[in-house]
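Derivation of every value follows stated rules applied to the coordinates shown; laboratory data play no part. Bear in mind the structure is a predicted one, so any value in this text is a computation, not a measurement. Counting neighbours? That spans all protein chains shown, and the Cβs are built from the backbone with ideal geometry, glycine included.
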Amino acid sequence: MTIPAEVVRSASSTVATELTTESLLQLADRQIGAIHVKGYYPVDIAGEVAQKAISHQALGHYHKKHTSSVGRVYMPHIDTKWDPELTRQYHDAALPAIQDVRSMFHPYLSPVDRVRLELQELWPTGANLLRLRERACFVGAFRVFQPSTSEFFPHNDAIDQETDAPEIEGVLNQLVANIYLQVPDDGGNLQLWLREPTAEETAVILDVEGLDPKEIEEPVLEIHPEAGDLIIFSPRQLHAVTAGHGKHRVGAAAFIATKGPSEPLLFWS
Ligand SMILES: O=C(O)CCC(=O)C(=O)O
Ligand SMILES: [Fe+2]
């Protein structure tokens with residue numbers, strides 16, 4: 001039986017509301033567009049840690065033209081830029097950074113630790129921290145969007161554009177889990193296009209880290225997250241974050257590589 005194209009399209013833009021083995025397998029296979037669990041993390045703890053992230057001593061900035069006003073706490077893998085010295089610094093800092101982020105939530109479980117545990121329990125073959133050339137990766141970066149001035153233009157994220165370490169072999173898809181700690185009431189929306197960029201778009205993204213929003217069609221999904229929500233989607237497909245107004249937008253993020261159900265998920269930031 002052939003399924004009509006419009007049915008396929010609408011199914012792939014479905015947003016699941018629960019984190020289950022089935023919703024994870026469907027998302028990894030791009031049969032659904034996202035998993036959005038409302039109220040995943042207590043808002044009061046989230047708000048306190050958001051303030052700590054905004055004033056954290058390790059708050060730095062992304063380096064590309066369109067992302068430079070977005071702050072992040074601790075070095076993400078994308079900033080290793082294929083440079084052996086930066087790669088060494090990233091791995092040297094990875095475990096102390098994981099522990100520092102964990103300590104910011106103490107005495108509570110951090111939301112990224114909770115995602116790591118639940119995905120380990122739900123995915124058929126479990127989940128591990130990613131190691132590259134046998135060195136542990138960091139996971140749990142905070143992203144801090146300044147009121148009004150910060151946004152992420154349409155872009156995608158793919159680990160195979162950042163490393164050729166042997167552990168990346170066999171990666172079929174990449175997911176990203178974002179837990180929102182603080183979100184402005186107005187803006188700060190997540191937009192999803194549910195398609196990969198073209199070759200030309202990829203060249204622009206690699207150069208300046210984002211497409212001009214005026215030059216691309218409307219997104220298929222637009223979600224306004226609330227503080228405490230968890231959203232998981234496929235960041236190899238185009239996505240963007242709109243400017244928010246009134247307060248900082250702070251999220252904790254973990255990338256997740258999938259090699260199919262017979263291999264464990266792998267986490268990093
Ligand atoms: O903060 C968000 O909603 C998504 C940010 C993003 O670009 C990502 O997680 O890859
Ligand atoms: Fe992204």
task = Provide the percentage of antiparallel DSSP beta bridges, counting only those with both residues in the chain; round to the nearest 5.
result = 90 percent
query = Viscosity 1.002 mPa s, temperature 20 °C: Stokes-Einstein D of the range 208-269 from its Kirkwood Cα radius, in µm² per second?
reply = 146 µm²/s
inquiry  = As I understand it, the dipole of the range 38-268 uses +1 on the Cβ of Lys and Arg and -1 on the Cβ of Asp and Glu, about the Cα centre. Which of 168, 109, 147 lies farthest toward its positive end?
reply    = 109
Positive minus negative residues near residue 250 (Lys, Arg vs Asp, Glu; Cβ under 12 Å) = +4
remark   = What helix-only [θ] at 222 nm does the chain give? Using -39500 (n - 2.57) per DSSP H run of at least 4, over all residues, to the nearest 500, the answer is -8500 deg cm²/dmol
key: Protection proxy ranking of 207-215, 41-49 - average other beta-carbon atoms within 10 Å, highest first   = 41-49, 207-215
key: Prolate/oblate/rounded call for the range 7-163, Cα gyration tensor, a/c under 1.5 rounded   = rounded
remark   = Cα-based Rg/(2.2 N^0.38 Å) for the chain, rounded to two decimals, is 0.95
task = Would you mind ranking 72, 133 so that the residue whose beta carbon has the fewest other beta carbons within 10 Å leads the list?
result = 133, 72
Extension gain from residue 208 to residue 44, taking 0.36 nm per residue of separation minus the Cα-Cα distance = 55.4 nm
note = Summing +1 per Lys or Arg and -1 per Asp or Glu among the other residues with Cβ less than 11 Å from residue 125's Cβ gives 0
ask   = How long is the gain from residue 128 to residue 55 if the chain were fully straight, where each residue apart is worth 0.36 nm and the alpha carbon distance is subtracted?
value = 23.3 nm
note = About its Cα centre, the range 146-229 carries a charge dipole, from +1 on Lys and Arg Cβ atoms and -1 on Asp and Glu Cβ atoms, whose size in debye to the nearest 20 is 180 debye
Environment charge at residue 147 (Cβ cut-off 9 Å; Lys +1, Arg +1, Asp -1, Glu -1) = +2
task = Only helices at least 20 Å long along their axis, Cα-based, and averaging -0.5 or more on Kyte-Doolittle count here, so list those DSSP H runs from the chain.
result = 84-105
message = Restricted to Cα positions, what overall size does the range 166-269 have along the principal axes? Three whole-Å values, descending.
response = 44, 34, 23
remark   = In this structure, the FRET efficiency calculated for residue 99 and residue 262 from their beta-carbon separation, with R0 = 35 Å, to the nearest 0.05, is 0.65
